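**Student:** I'd like to ask some things about the structure below.
The values are calculated or read from the model by the stated rules, or taken from the named source; none is laboratory data. Source: prediction; values computed, not measured. Backbone-built Cβ (ideal geometry, glycine too); neighbour counts: all protein chains shown. Remember, those area values only see protein heavy atoms, side chains included, never the ligands or the DNA or RNA. Shrake-Rupley method; radii C 1.70, N 1.55, O 1.52, S 1.80 Å.
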Amino acid sequence: MKFDIAIIGGGILGTCISYWLSSIYDMSICVIEKESQIAMHASSRNTGVIHSPFYLNPDSKKILARSALLSYNMWESVAKQHDIPWKNTGVLELALDKTQHRRLEKYIRWGKRNGIPEDTMKLLNSEEVSEIEPNVRCYSAIHCLREVSTNFGKLTRIIGNISVKHGTKFLMQKNVTSIKKINQGCRISLNDGSIISTKFVINCAGGNSLDVAQMMGLVPGYADLHFRGEYWIADSQYSSLAKSTIYTVAESEGYPFLDPHWIRKADGTTEVGPNAVPVPGPETYSGYVGDAATSIAKFKDILTGNALRLFYNPEFLSLLSREWLSSLSKTAMIGRIQKFLPKARPKFFSERGTSGIRSPVITPEGKFLPDVMEIQDDNSFHIINYNSPGATGAPAYSAHVVDELQQAGLLGRPKPGKNTMWNIHD
């Protein structure tokens, strides 16, 4: 099989990139996906929240913030045209003390710089929060009206269908085993013994993206860890203890551990979570060990790599112990919610929600990489450490990637007269 561009990973980002390329350019494109459907992992196993980027630093995360802002209307148009759930919940970002309040003051400034309409975002004191959510207790909060719950898995599959109509070939149940550079391109070997020849590779493999890049001899010295985020579903009679989606200011900056959320989902359910439980692989959605080969390989990576430095850090180990406890004990998990929703009780939650996994990258210095990493060479472009709000910003961020490739002279000239449902020049 021969293609002009091979995209590795049929998640939300790879699918959106395939949409732009197939809509604008005349070239042969394939998406290589190891599952039987696209969007099987992080693209579906998430909260479904369209985030407003008031919490993103406009200096260091300008592109992600801009992508999240622009993608709101892009996703809305697809959702409403194809009858995908689009539930405007609004969000409260809570500060539980004066120190956290100062973070909210900073977020308000960031939100304005990131382009969030000022009439949709306001800093409230505790009394004003109580008027909106009587059961919530906090020091202060940002109330943002521009927050929506939807279904990213369904949205991704819509985009995938359009991409197929434009000529993209999705190669399902194909796992990449090796990538070799050849004369003016790459040869990709797959698990079924088949070979793909391509002029250019785009790596959007999510939790496996670092492995794919390292197959091509790139980013040596980097490693990754995998953390499962778990949720509990509120029984229906308790799901309206708060009618807004609620987040809290993260206590531990610099770590990929999210503080507790109260998520009003598009399907009408309410979930609380997540924690961040270390697991051996990017698809270990239950249990703590996974398959033996994956666990042994990850353990060896930690013992011999830069990630080992983290395990000598007392703060990191303390955080891990807290996350383990919240996984083993529902009481511990709900105890975290009770800090801002004191009426919540463990007995209100009888079913586990859908777990998802983050795979943050560790730098050679043994620290978590704070931003998305883009690596380009003559034959490939790699998107690594693409985390939240990645699903929110995928349409606009993928347009940014295509524009970068165009500016680098890797795509040729767009075909005149090609129409798209989104405007890439926005």
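**Student:** What ranking, highest mean first, results for peptides 23-36, 309-322, 4-17 when packing means the other Cβ atoms within 10 Å averaged over each residue?
**Tutor:** Output ranking for 23-36, 309-322, 4-17: 4-17, 23-36, 309-322.
**Student:** Still on this structure, I have one more. What does the charge dipole of the range 107-169 about its Cα centre add up to, to the nearest 20 debye, if the Cβ of each Lys and Arg holds +1 and the Cβ of each Asp and Glu holds -1?
**Tutor:** Charge dipole of the range 107-169: 700 debye, to the nearest 20.
**Student:** Quick one: dipole size for the chain, taken about the Cα centre, charges +1 on Lys/Arg Cβ and -1 on Asp/Glu Cβ, in debye to the nearest 20.
**Tutor:** Dipole magnitude for the chain comes out near 300 debye.
**Student:** Which Cα, out of Ala391, Val136, Pro364, lies furthest along the positive dipole direction of the chain (beta carbon charges, K/R +1, D/E -1)?
**Tutor:** Of the options given, the answer is Ala391.
**Student:** Hey, which of these cross-link pairs are over 23 Å Cα-Cα: Lys154/Lys330; Lys243/Lys347; Lys34/Lys80; Lys62/Lys243; Lys169/Lys199?
**Tutor:** The answer is Lys154/Lys330; Lys34/Lys80; Lys62/Lys243.
**Student:** Listed highest first by mean packing, meaning other Cβ atoms within 10 Å per residue, what order do 404-411, 103-110 come in?
**Tutor:** 103-110, 404-411
**Student:** Could you order the peptides 71-82, 131-142 from most to least packed, using the average number of other C-beta atoms within 10 Å per residue?
**Tutor:** 131-142, 71-82
**Student:** A further question on this structure: Could you compute the net charge surrounding Leu104? Neighbours are other residues with a C-beta less than 12 Å from the C-beta of Leu104; K and R count +1, D and E count -1.
**Tutor:** Result for the local shell: +3.
**Student:** Please list, ordered by chain and number, the residues whose modelled amide H lies under 5 Å from the amide H of Val361; skip anything fewer than 5 residues away on the same chain.
**Tutor:** Leu369
**Student:** With r as the distance between the Cβ atoms of Asn175 and Lys300 and R0 = 30 Å, compute the FRET efficiency 1/(1 + (r/R0)^6) and round to 0.05.
**Tutor:** 0.90
**Student:** Pop out the carbon and sulfur fraction of the accessible area of the chain as a percent, whole number, probe 1.4 Å.
**Tutor:** 50 percent
**Student:** Within a Cβ distance under 12 Å of Lys330, other residues only, what is the Lys/Arg minus Asp/Glu net charge?
**Tutor:** Net charge in that neighbourhood comes out at +2.
**Student:** For the range 92-168 and the range 349-426, what is the separation of their C-alpha centers, rounded to whole Å?
**Tutor:** Answer, in whole Å: 21.
**Student:** Amide H to amide H under 5 Å from Ile7: which residues, 5+ apart in sequence or cross-chain, H placed 1.01 Å off N in plane?
**Tutor:** Amide H neighbours of Ile7, under 5 Å, 5+ apart: Cys30, Val31, Ile32, Ile202.
**Student:** Need the full-extension length gain, Leu328 to Lys112, defined as separation in residues times 0.36 nm minus the C-alpha distance. One decimal, nm.
**Tutor:** 73.7 nm
**Student:** In addition: How much of the DSSP bridge set in the chain is antiparallel, in percent, rounded to the nearest 5?
**Tutor:** DSSP beta bridges in the chain are roughly 70 percent antiparallel.
**Student:** In a Debye calculation with equal point scatterers on the alpha-carbon sites of the chain and no solvent, what is log10 I(q)/I(0) at q = 0.09 Å⁻¹?
**Tutor:** Relative scattering, expressed as log10 I(q)/I(0), comes to -0.57.
**Student:** Working from the pairwise distances between different alpha carbons, so that the mean of 1/r is found and then inverted, what is the range 11-87's Kirkwood radius in Å?
**Tutor:** Final number for the Kirkwood radius of the range 11-87 is 14.7 Å.
**Student:** OK, next. For the chain, what's the relative contact order in percent, using C-alpha pairs closer than 8 Å and at least 6 residues apart?
**Tutor:** Relative contact order for the chain comes out at 24 percent.
**Student:** Might you tell me the accessible area per residue for the chain, computed with a 1.4 Å probe and given in Å²?
**Tutor:** Per residue, the chain has an accessible area of 44 Å².
**Student:** Could you give me the ³J(HN,Hα) list for the range 123-135, computed from phi with Karplus coefficients 6.51, -1.76, 1.60 and θ = phi - 60°, whole Hz, x at Gly and Pro?
**Tutor:** Each residue of the range 123-135 in turn: 8, 10, 8, 5, 5, 5, 5, 4, 5, 7, 10, x, 8 Hz.
**Student:** Where does the charge balance sit around Arg113 when Lys and Arg score +1, Asp and Glu -1, over other residues with C-beta under 12 Å from its C-beta?
**Tutor:** Charge balance near Arg113 sits at +4.
**Student:** Give me the dipole magnitude in Debye, nearest 20, for the range 324-384 about the Cα centre, with unit charges on the beta carbon: positive for Lys and Arg, negative for Asp and Glu.
**Tutor:** 1020 debye
**Student:** Label points 7 Å out from Cα along the Cβ direction at Asp291 and Thr420: separation in nm?
**Tutor:** The two pseudo-label positions are separated by 3.7 nm.
**Student:** OK, next. Please identify the helices of the chain, taking whole runs of DSSP H, that span at least 15 Å along their own axis as judged from the Cα atoms and have a mean Kyte-Doolittle score of -0.5 or higher.
**Tutor:** Membrane-span-like by this criterion, though nothing is claimed about a membrane: 12-24, 62-81, 152-165, 292-304, 314-328, 390-407.
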